[in-house]
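Report on one structure; see the data block that follows.
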Amino acid sequence: MSKYLENVSKWISRGTAVLAALCLLVMVFSLLDGVFFRYVLNASLTWSDEVAVLAFSWSIFLFSSVMVQEQGHVRITLLLAALPRPLEVSLEKISCILVLLFGALMVWAGWQFVGFTATQVSPALRYPLWLQTAAIPVSGALIVLHSLVLLFQPVPAKASEEKAS
């Protein structure tokens, strides 16, 4: 069951990374359009900045969940590697629990924020602002999922322990 959940987490993470990369492309092209129209054609676009901010918000939050799955956030692994194995494993599990709790907080607070922005619209495009703020609880849910999978993942042996056996 653990391998199945790991595979599901990896596939969700890959899909999330593709979606976040597409958001980044939308952001870049939106900003380039804005610059081109403003400085080359001398006609400003009213929508390009709003599209860029929307795409940027989603890409940042989606990539943060991918980094949780890949354990790619900043960590002090040098300190962990110097600790005895049981303590190292315990601290890794505590770290997973803290990240899980942070993800759960993102879901809760993000959902509150989505509710707060439910009736608001963006100034130029008039899209509902909850589309932008929904990135927070969605990312939080993905972080919770990836953290749970990491938390219940079997602990791999250290390279030095594998050579000794």
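Of the candidates L31, L79, L105, which one comes out as most mobile in a Gaussian network treatment of the chain with C-alpha springs shorter than 10 Å?
Largest GNM mean-square fluctuation: L79.
Which value, in Å², gives the accessible area per residue of the chain when a 1.4 Å probe is used on the protein heavy atoms?
Details: 10500 Å² over 165 residues.
That works out to 64 Å² for each residue.
To test your reading of the geometry: what angle, between 0 and 90 degrees and rounded to tens, separates the Cα axis of helix 85-116 from the longest principal axis of the chain?
Helix 85-116 sits roughly 20 degrees off the main axis of the chain.
For helix 135-151, report the angle its Cα long axis makes with the longest principal axis of the Cα atoms of the chain; keep it between 0 and 90° and round to the nearest 10°.
Around 10 degrees separate the two axes.
From largest accessible area down, sort L98, L131, L45; use a 1.4 Å probe on the protein chains. Before the final figure, lay out each step's value.
Working: L98 105, L131 65, L45 35 Å².
Per-residue accessible area, sorted high to low, gives L98, L131, L45.
So what is the relative contact order of the chain, in percent, for Cα pairs below 8 Å that sit 6 or more residues apart?
Relative CO of the chain lands at 27 percent.
Please compute the modelled spin-label separation between F116 and R38, points set 7 Å along Cα→Cβ, answer in nm with one decimal.
So the label points at R38 and F116 sit 2.8 nm apart.
In the chain, what percent of the accessible surface is made up of carbon and sulfur (1.4 Å probe, ligands and nucleic acids excluded)? Don't skip to the end; give the middle numbers.
Working: 7800 of 10500 Å².
The nonpolar share, carbon plus sulfur, comes to 74 percent.
What trypsin sites (Lys or Arg not before Pro) does the range 29-112 have in DSSP loop regions with at most 14 other beta carbons within 10 Å?
Passing both the DSSP loop test and the Cβ count: R75.
Compute the long axis of helix 48-69 from its Cα atoms, compare it with the longest principal axis of the Cα atoms of the chain, and write down the angle in degrees, 0 to 90, nearest 10.
Orientation of helix 48-69: about 10 degrees from the principal axis.
The values are calculated or read from the model by the stated rules, or taken from the named source; none is laboratory data. The structure presented is a predicted model; accordingly, all values stated were derived computationally and were not measured. Virtual Cβ from ideal backbone geometry, glycine too; neighbours counted across all protein chains shown. Note: areas computed on protein heavy atoms with side chains; ligands, DNA, RNA excluded. Shrake-Rupley method; radii C 1.70, N 1.55, O 1.52, S 1.80 Å.
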